[in-house]
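Below: the structure, in structure tokens.
Only the coordinates and a few stated rules stand behind these numbers; no lab work does. Keep in mind that what you see is a predicted model, and the values were worked out from it rather than measured. FYI the Cβ positions are ideal-geometry reconstructions off the backbone, even for glycines, and counts take in every protein chain you see.
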Amino acid sequence: MKQVVIIGAGPAGLMAAEAALERGARVAIYDAMPSPARKFLMAGKSGLNITHSEDEALFRSRYTAPDARLAAVVEAFGPAKITAWMAGLGIESYCGTSGRVFPVGMKASPLLRRWLSRLGQGGATLHTRHRWKGWGSDGALIFDTPEGQTRVMADATILALGGASWARLGSDGAWADILAARGVELEPFAPSNCAFTANWSARLLAAQEGAPVKGVALTAGGKTQRGDFVITRAGIESGAVYPLSAALRHELAGKGSATLVINLLPDTDEAALASRLASAHARDSVSNRLRKAARLDSAKIALLNEVTHGAPPKDAAALARLLKALPLTLTGTAPMDTAISTAGGVAWDALDERLMLRAVPGTYCVGEMVAWDAPTGGYLLTACLAMGRAAGSFLPAAPGNPG
């Protein structure tokens with residue numbers, strides 16, 4: 001019977017463990033933290049969005065990866081199979097109005113408890129407070145533990161170590177140096193699904209820090225996202241901003257700044273808006289025209305004044321045009337450790353068709369530690385689960401086990 005070691009007890013690692021058990025392997029799971037799946041549990045605090053119900057081709061288009069392997073993995077274990085897998089754990093799902101799929105109870109903890117119980121019943125062992133430090137000269141896996149260093153031999157190893165955000169939950173990217181020393185090709189980490197910085201004036205922050213900007217359409221890199229965002233002390237974050245992270249990040253890398261185009265009134269025709277503004281009372285101030293004729297709230301008016309330095313155009317047509325395409329300059333990303341996820345990591349060229357490291361035979365990589373990107377909305381978790389499932393299934397079946 002093959003001994004398979006999983007390093008990282010997040011969703012990708014646990015799914016890899018489940019698939020390896022089905023192949024007849026002995027499975028041991030190791031994690032540096034005192035308890036498993038901490039980032040998974042944090043993601044589920046406000047409702048575990050585990051996948052999405054949209055058309056499968058559209059779903060797969062949400063991912064950014066350099067070749068077709070990620071799409072194939074997600075196709076093999078996509079939204080329908082994930083909801084069926086949840087049902088097999090006794091966790092029913094429901095689809096929200098946005099198409100996002102959640103467990104009925106919303107939380108991650110009931111699902112995780114049942115999952116860990118099933119893995120334990122299948123023979124998997126879980127070892128916490130074991131921080132992986134690399135390999136010994138004999139190929140043994142080296143772990144630092146509270147009781148000292150320990151060595152573990154494995155027939156196959158699946159690394160599911162996460163990206164480089166939320167270090168306090170276990171994803172610190174420290175594994176990159178270990179793999180680089182073994183000649184594994186890596187791509188630099190970058191924040192994704194993250195906040196962005198802007199040089200706000202003291203006046204705007206005094207009046208609008210923490211204010212939501214609702215019902216807008218944001219455009220960057222030719223992509224438009226409807227939704228809301230929040231004005232923060234540092235810049236902007238939340239909702240509609242996250243799916244544009246990659247486009248904004250690439251523009252920042254090339255130019256040192258990025259332009260986010262904000263349609264403050266996406267459901268209002270520009271010509272009709274200009275007409276309403278032109279017909280406003282002649283004695284009304286610009287602020288009153290914006291409030292009454294354009295029906296803008298205080299946060300949107302403050303954004304307009306910020307971008308125009310307090311001097312928005314008086315001409316109705318020019319003002320309407322600006323309200324439909326307000327250019328906000330962003331100066332950078334928030335610190336990577338605060339990002340929901342990270343891009344970069346193990347390059348796809350470093351992996352063979354089974355997700356095994358070419359430089360370290362018998363060692364596989366799954367989840368966010370591999371260089372792919374996706375927005376929030378169930379896409380991140382789906383790919384982590386699918387990659388774990390794939391790597392565990394790629395392992396040779398134990399003798400007498402059909403796999």
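Provide the net charge surrounding Ala302, with neighbours chosen by a C-beta distance below 14 Å and charges set as Lys +1, Arg +1, Asp -1, Glu -1.
That sum, taken over residues with Cβ under 14 Å, equals +1.
Considering only Ser192, Ile231, Ser257, whose Cα is most displaced toward the positive end of the charge dipole of the chain, charges sitting on Cβ of Lys, Arg (+1) and Asp, Glu (-1)?
Value: Ile231.
Relative to the longest principal axis of the chain, what angle (0 to 90°, nearest 10) does the C-alpha long axis of helix 245-255 take?
70 degrees
Going by a ≥ b ≥ c, the root eigenvalues of the Cα gyration tensor, does region 196-333 fall in the rounded group (a/c under 1.5), the prolate group (a/b larger than b/c) or the oblate group? Please report the intermediate quantities before stating the final value.
Working: a/c = 2.01, a/b = 1.60, b/c = 1.26.
It is prolate, given that a/c is not under 1.5 and a/b is the larger ratio.
How would you rank 160-172, 61-73, 368-380, highest first, on the average number of other Cβ atoms within 10 Å across their residues? Walk me through the numbers before you get to the answer.
Values: 160-172: 22.3, 61-73: 16.1, 368-380: 24.7.
Ranked from most to least packed, the peptides come out as 368-380, 160-172, 61-73.
As a footprinting exposure proxy, order Leu296, Leu159, Leu89 by other Cβ within 10 Å, with the fewest listed first.
The order, fewest Cβ neighbours first, is Leu89, Leu296, Leu159.
Which of Cys194, Cys95, Cys384 comes first, and how do the rest follow, when ranked by fewest Cβ neighbours within 10 Å?
Exposure proxy ranking, most exposed first: Cys95, Cys194, Cys384.
Grab the other residues whose beta carbon is less than 13 angstrom from that of Arg203, score K and R as +1, D and E as -1, and report the net.
Residues close to Arg203 contribute a combined charge of -2.
Could you sort 23-29, 357-363, 202-208 so that the peptide with the highest average Cβ count within 10 Å comes first and the rest follow in order?
Sorting 23-29, 357-363, 202-208 by mean packing, highest first, produces 23-29, 357-363, 202-208.
So which of Lys214/Lys292; Lys45/Lys255; Lys39/Lys81; Lys81/Lys107 end up more than 29 Å apart by C-alpha?
The answer is Lys45/Lys255.
Specify the residue with the greatest mean-square fluctuation among Thr268, Thr128, Thr329, computed from a Gaussian network of the chain linking alpha-carbon atoms under 10 Å apart.
In the Gaussian network model the winner is Thr268.
How do Asp31, Asp352 line up, fewest other C-beta atoms within 10 Å first? All intermediate terms of the calculation are to be shown ahead of the outcome.
Details: Asp31 26, Asp352 13.
Placing the least packed residue first, the sequence is Asp352, Asp31.
Lys81 to Thr338: FRET efficiency via 1/(1 + (r/R0)^6), r the Cβ-Cβ distance, R0 22 Å, to the nearest 0.05? Let's see the in-between values first.
Numbers: r = 32 Å, r/R0 = 1.46.
The pair Lys81/Thr338 has a calculated efficiency of 0.10.
Between Ala68 and Cys95, what length in nm is gained on full extension when 0.36 nm per residue of separation is reduced by their alpha carbon distance?
On the way: separation 27, 0.36 × 27 = 9.72 nm, distance 2.78 nm.
That pair, Ala68 and Cys95, stretches by 6.9 nm at full extension.
Classify the chain: rounded, prolate or oblate, from the alpha-carbon gyration tensor (a ≥ b ≥ c, eigenvalue square roots; a/c under 1.5 rounded; otherwise prolate if a/b is larger than b/c)?
Prolate is the answer for the chain, as a/c is 1.5 or above and a/b outweighs b/c.
Shape verdict for region 23-164, please, from the Cα gyration tensor: rounded (a/c under 1.5), prolate (a/b greater than b/c) or oblate.
Prolate, because a/c is 1.5 or more and a/b exceeds b/c.
Around Pro103, what is the net charge, scoring Lys/Arg as +1 and Asp/Glu as -1 over all other residues with Cβ under 15 Å from its Cβ?
+4
Students often forget the sequence filter, so: which lysines lie under 16 Å Cα-Cα from Lys223 once same-chain residues fewer than 8 apart are removed?
Filter leaves Lys324.
How are the Cα pair distances of region 332-403 distributed, in percent, across 5 Å bins from 0?
3, 15, 21, 22, 15, 11, 8, 3, 2, 1, 0, 0
Can you give the calculated 222 nm mean residue ellipticity of the chain, where each DSSP H run of n ≥ 4 adds -39,500 (n - 2.57) and the sum is split over every residue, rounded to the nearest 500 deg cm²/dmol?
-9500 deg cm²/dmol
Considering Cα pairs under 8 angstrom that are at least six residues apart, work out the relative contact order of the chain and quote it in whole percent.
Reported relative contact order: 26 percent.
Hey, for a label at Asp269 modelled as a point 7 Å past Cα toward Cβ, could you say which residues of region 304-340 have their backbone N under 20 Å away?
From region 304-340, the list is 316-325.
Please turn the phi angles of region 44-57 into ³J(HN,Hα) values with the Karplus equation 6.51 cos²θ - 1.76 cosθ + 1.60 (θ = phi - 60°), one per residue in order, whole Hz, x for glycine and proline.
x, 4, 9, x, 7, 7, 8, 7, 9, 9, 5, 3, 4, 5
Using the crude model of +1 on Lys and Arg Cβ and -1 on Asp and Glu Cβ, and no other charge, please compute the dipole size for the chain relative to its Cα centre, in debye to 20.
Using only the charged Cβ atoms, the result is roughly 1000 debye.
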